[in-house]
1. What is the angle, in °, between the Cα long axis of helix 116-129 and the longest principal axis of the Cα atoms in the chain? Nearest 10 is fine, range 0 to 90.
2. Please report how far the C-alpha centroid of the range 1-36 lies from that of the range 56-130, rounded to the nearest whole angstrom.
3. Hey, got a sec? Which GluC sites (Glu not before Pro) in the range 38-127 land in a DSSP loop and have at most 10 other Cβ atoms within 10 Å?
4. If you restrict to DSSP beta bridges whose two residues both lie in the range 51-153, what percentage is antiparallel, to the nearest 5?
5. Counting only DSSP beta bridges with both residues in the range 96-184, what percent are antiparallel, rounded to the nearest 5?
6. Which order do peptides 68-75, 44-51 fall in by mean Cβ count within 10 Å, highest first?
7. For the chain, find the longest principal axis of its Cα atoms and tell me its angle to the long axis of helix 5-17, 0 to 90°, nearest 10.
8. Nearest 20 debye, what's the magnitude of the dipole of the range 1-152 about its Cα centre given +1 on Lys and Arg Cβ and -1 on Asp and Glu Cβ?
Amino acid sequence: MPLTVKDLEQLQAKLTEDHLDYQLELVDGKIIVMGPSDIVSSEIGVQFSRFLANWVTPRRLGRVFESSGGFILPDSNLRAPDVSFVSAERLKRSKRYFAEMVPDLTVEIKSQSDRIKPLREKIQSFIELGARVGILIDPDKQTVTIYRSTTEPVVLTDADILTIPELFPGWEVPISELWPVEFE
């Protein structure tokens, strides 16, 4: 019997009661326990979120969410991208529950224990459900791959500039600025 969002909420409540902090997703009726991220991936997530929120917030373009922000999707899955964005037109007010929609932008950051194929499949599923842009950040290869429903994936490297004009006109982030700084 496939599990539902209500089943996930009950498990999350029990885990919280037991002081266990796990991030859960619901995929095809199965609850997936997400392990903690390594600190490089975490730092990249914070950096990307900061760059994005610093552009989005003053322009009131929409809302930026971090990896705990869950989305109930049209296929009944509950997923939480590492970073996501929903335009102001689509989400005028946040409510104290999961967003019942597909984000406009979904970002996945490969952690040390992740495999690329499932991350790519997760992004593709968001795109198929209506996300306008998906991004896969791979710290090991220092690449950023952009997915759109209308074109083939585009791979960016350190010499490139990330732009997403359909969502954030004028926003530019050098790929080299996403990676953690090395202090001497």
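1. 80 degrees
2. Between the Cα centres of the range 1-36 and the range 56-130 lies a distance of 18 Å.
3. Working: sites: GLU43, GLU66, GLU89, GLU100, GLU108, GLU121; in loops: GLU66, GLU89, GLU100.
For GluC sites (Glu not before Pro) across the range 38-127 that sit outside H, G, I, E and B with at most 10 neighbouring Cβ atoms in 10 Å, the list reads GLU89.
4. Values: 15 of 21 bridges.
Given both bridge residues lie in the range 51-153, the antiparallel proportion sits at roughly 70 percent.
5. Values: 11 of 16 bridges.
Around 70 percent of the beta bridges assigned by DSSP in the range 96-184 are antiparallel ones.
6. On the way: 68-75: 16.8, 44-51: 18.9.
Those peptides, ordered most packed to least, come out 44-51, 68-75.
7. For 5-17 against the chain, the angle is about 90 degrees.
8. Numbers: 21 positive and 22 negative charges, 139 e Å.
The calculated dipole for the range 1-152 is roughly 660 debye.
The values are calculated or read from the model by the stated rules, or taken from the named source; none is laboratory data. For clarity, every value in this text was computed on a predicted model and none was experimentally measured. Glycine also receives a Cβ, built like all others from the backbone with ideal geometry; neighbour counts cover every protein chain displayed. For the accessible areas, the whole protein counts, side chains as well, though only heavy atoms, and no ligand, DNA or RNA atoms are used. Shrake-Rupley method; radii C 1.70, N 1.55, O 1.52, S 1.80 Å.
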